[in-house]
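Derivation of every value follows stated rules applied to the coordinates shown; laboratory data play no part. Just so we're clear, the structure is a prediction, and the values are computed from it rather than from any experiment. Note that we place each Cβ from the backbone using ideal geometry, even for glycine, and neighbour counts take in every protein chain shown.
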Amino acid sequence: MARYTGAVCRQCRREGTKLFLKGEKCYSEKCALARRSYAPGQHGQSRKKFSEYGLQLREKQKVRRYYGVLESQFAKYFEMAEKKSGVTGENLLQIVESRLDNVVFRLGFAMSRPEARQLVRHGFFTVNGKKVNIPSYLVKVGDVIALKEGATSSSKIKAILEANEKKAIVKWLELDGTTGKVVALAQKEDIDLAIEEHLIVELYSK
């Protein structure tokens, strides 16, 4: 399945919640969801009552779009979560939070996850001193993520760092200048999106 290339604001409207896919625009009055808080399309404003399956599907799509994960990747993450000890739903959230593009965004090195994904692909970051340009790379506790040497000379990187200078860092990450460290695994309370992960587990368990 190809990556979605349409208007990303439509995804927020479809899920009925902000997925923060456009950086600063999501916090402004220009946010499409703030102006049109109904689903896109001809019948977007009509009331819809979802079936049990529909609720489960929408929850899965919401999380998948929030992290920018393809359908096949998400199914793979669920299989990984099932094999780990603990609660499957919580394991799944820990896995998607551990993606390198998400960590880069959480550390304030990008304004949005799509932007973080682009910067990772362009080789702006190292993990434990080695360049990693795979957005789906899963970091582990103890890993050190840093901007590559000379990256701060880029006007784009400078603007991002200045804009995110006062951004709050989640407690499972540490930041020292342009270097971040994974100090623990993410917990559900660290995620700034209301997620009912049990619905996703129910969907994949059918």
Taking the mean number of other Cβ atoms within 10 Å as a proxy for protection, how do you rank 92-104, 59-71 from highest to lowest? 92-104, 59-71
For segment 88-206, what class follows from the C-alpha gyration tensor (a ≥ b ≥ c being the square roots of its eigenvalues): rounded when a/c is under 1.5, otherwise prolate if a/b is larger than b/c, else oblate? prolate
For labels at residue 49 and residue 72 in the simple 7 Å Cα→Cβ model, what's the distance in nm? 3.9 nm
Quick one: which of 158/181; 84/166; 181/206; 84/171; 60/158; 49/181 span more than 32 angstrom between C-alpha atoms? 84/166; 181/206; 60/158; 49/181
How far apart, in nm, are two points set 7 Å out from the Cα along the Cα-to-Cβ line at residue 166 and at residue 154? 2.6 nm
For segment 62-73, what does the Karplus curve 6.51 cos²θ - 1.76 cosθ + 1.60, with θ = phi - 60°, yield as ³J(HN,Hα) per residue in whole Hz, taken in order and with x for Gly and Pro? 4, 5, 4, 6, 4, 9, x, 9, 6, 4, 5, 5
Cut-off under 5 Å, modelled amide H: who pairs with residue 173 long-range: 183
